[in-house]
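One structure below.
The values are calculated or read from the model by the stated rules, or taken from the named source; none is laboratory data. Because the structure is a prediction, the values reported are computed rather than measured. Because the Cβ atoms are built from the backbone with ideal geometry, glycine has one as well, and the counts that use them run over all protein chains shown.
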Amino acid sequence: MLKKIMAMCILCVMAVLPVHAELKVDIVAGGINPTSIAVLKFETVGNVVPADAAMIRDVVEADLKRTGLFRIVDRNALPEYVPMGKMPNFKLWQAIKTQVLVQAKLSAQSGNKYKLEFFVWDVDGKEQIEAQSLVSSRKSARRLAHIMADAIYERLTGELGYFDTQIVFIAETGPIHNRTKRMAIMDQDGYGMRYLSDEKTFVMSPHFSPNMQTIVFLSYYNDDPSVWTLDLDTGEQQRLGNFGGMNFAPRFSPDGTRVALSLVKNGITHLYEYDIENKKLRQLTFGNSLNTSPSYSPDGKKLAFNSDRSGSQQIHVLDLETGEEKRLTYGAGRYATPAWSPDGQFIAFTKMADDTFYVGIMNPRGKNEKILAGGWFMEAPSWAPGSRRVVYYETEKALDNIERISHIRSVDITGQNIYEIELPDGVNGLEATWSPRLP
């Protein structure tokens, strides 16, 4: 299972060389003035599968390009090949306006392993600014690429990388009037999609635990909508608890010890918190309003949620220590599905106004609202590690009422560089949730 696959990737990082260069990617203007980066053909040593070296190079380039912050220099324009251990001719690279140059070497190791070494050069500063060595099983070669891209991204932007991550989502297949919804998982770039649930049970709202060991989700097993967990190592599914009513919209706390959820009792929907170890359920909201879509703050002390207690659907925040509740949104339209960013600086949301759905962000005080994307229907924003990008799903309007297509898309917090994560033919993507960085 996933845990075993991840365990095969053993990382050994060299000491990074002293850094003197001031090269820094402008993460705000990056989409307008991307940093040019050239990735040289990988040097290979020993019994390396050539396709593996080519794949790692391709994946590194693709990861960096999708950010919108980097322009990959055309391989046909590269002026020289520079083996590891030799200095580049910086004048040649400056002539084609390359700002960053990457050298790499892939070596076959005993025990069916690969060793990946790479250097990153600041061309204008004429300095090496990053040097790392990574070791993994050959089966995890693609992870090597994502980890390498993360290292380059982090060195150049100063932000946490998000390439060595996964996305869990609901994969919808079949005709519009008889669709099957299954839980699925894939790498953040869409590679390696596999199903986590069968076709027999309707499932929704999957979310990762902080340690990537467990997914919590809504299952209609035996026509009883309730919250279940899936162990990614063993594949075992368990019902979270018998709460005496329909329960849904589960979210793990940042420390993984609690699950916030919505529970319907006597026709009223309230937020509850379940202590996993002690198996105790605590009611969090009260009154006659509908309260759902909880999302913990990074410190676990607050919950953002949506409620109609003010007369329309708006986002509120609950202080879990004091019980104090505060309304955040006052803009035109209805607000839903809040998601707190990992760094605590933003809350993403869905907004419905003027027959249009929007995905946006605001600060935790409900100020500085910024719309990132809009369309016929879009929902369920989720954050990448580092709080730079948001993933969500968008459904196209079915003009002929025969086929309705849903896409998983990602957008930068500047509102730039929206891209679609490609899924297999015939698969619609809904309710995508971004994982933490893989262990």
Restricted to the stretch 49-87, and to residues that are in contact with an Asp or Glu (Cβ under 7 Å, 6 or more places away or on another chain) and either free of Cβ contacts under 8 Å to residues at least 60 places away in the same chain or not assigned by TED's automatic domain parsing to the domain that holds GLY125 (or both), which residue is nearest to GLU130 (Cα to Cα)?
MET84
Among the numbered conditions (1) buried (at least 21 other Cβ atoms within 10 Å of the Cβ); (2) under 18 Å from THR269 (Cβ atoms), tell me where ASP308 comes up short.
(1)
Of all residues in the stretch 388-415, which are assigned to a loop (DSSP other than H, G, I, E, B) and either within 18 Å of SER341 (Cα to Cα) or within 14 Å of the chain's Cα centre (by Cα) (or both)?
ARG388, ILE413, THR414, GLY415
Which residue pairs have Cβ atoms under 6 Å apart, sit 6 or more places apart or on different chains, and have a first residue in the stretch 186-202 that is within 20 Å of ARG143 (Cα to Cα) and a second that is assigned to a loop (DSSP other than H, G, I, E, B)?
MET186/GLY192; MET186/MET193; GLN188/THR165; GLY190/ILE421; GLY190/GLU422
What is the residue count in the stretch 362-405 for residues that are crowded, with 21+ Cβ neighbours inside 10 Å and polar (S, T, N, Q)?
2
Go through the stretch 22-45 residue by residue and tally those that are modelled with pLDDT under 95 and either out of contact with any strand residue (DSSP E or B) (no Cβ under 6 Å at 6 or more places or on another chain) or closer than 16 Å to ARG66 by Cβ (or both).
12
For the stretch 330-347, give me each residue that is at positive phi, at pLDDT 95 or above and of a type in the set (Gly, Ala, Ser).
GLY344
PRO250 fails exactly one of the following numbered conditions: (1) in contact (Cβ under 8 Å) with a residue 24 or more places away in the chain; (2) at positive phi. What is the number of that condition?
(2)
Residues of the stretch 165-178 satisfying the condition of being in contact (Cβ under 8 Å) with a residue 40 or more places away in the chain and touching a strand residue (DSSP E or B) at 6+ places or on another chain (Cβ under 9 Å):
THR165, GLN166, ILE167, VAL168, PHE169, ILE170, ALA171, GLU172, THR173
Unmet requirement for MET246, which otherwise passes all of (1) touching a His at 6+ places or on another chain (Cβ under 9 Å); (2) over 15 Å from GLU431 (Cα atoms)
(1)
Are any residues in the stretch 255-278 surrounded by fewer than 18 Cβ atoms within 10 Å (Cβ to Cβ) and farther than 14 Å from GLY244 by Cβ, and if so, which ones?
ASP255, GLY256, THR257, ASP275, GLU277, ASN278
Looking at LEU328, LEU290, LEU281, can you tell me which residue is over 18 Å from PRO254 (Cα atoms) and surrounded by fewer than 21 Cβ atoms within 10 Å (Cβ to Cβ)?
LEU290
Residues of the stretch 170-180 being at pLDDT 90 or above and either of a type outside the set (A, V, I, L, M) or outside any strand (DSSP E or B) (or both), in sequence order, are GLU172, THR173, THR180
Pick from the stretch 416-439 the residues that are touching a Phe, Trp or Tyr at 6+ places or on another chain (Cβ under 8 Å) and in a strand (DSSP E or B): which of them is surrounded by the most Cβ atoms within 10 Å (Cβ to Cβ)?
GLY429
All but one of (1) buried (at least 22 other Cβ atoms within 10 Å of the Cβ); (2) polar (S, T, N, Q); (3) modelled with pLDDT under 95 hold for SER410; which doesn't?
(3)
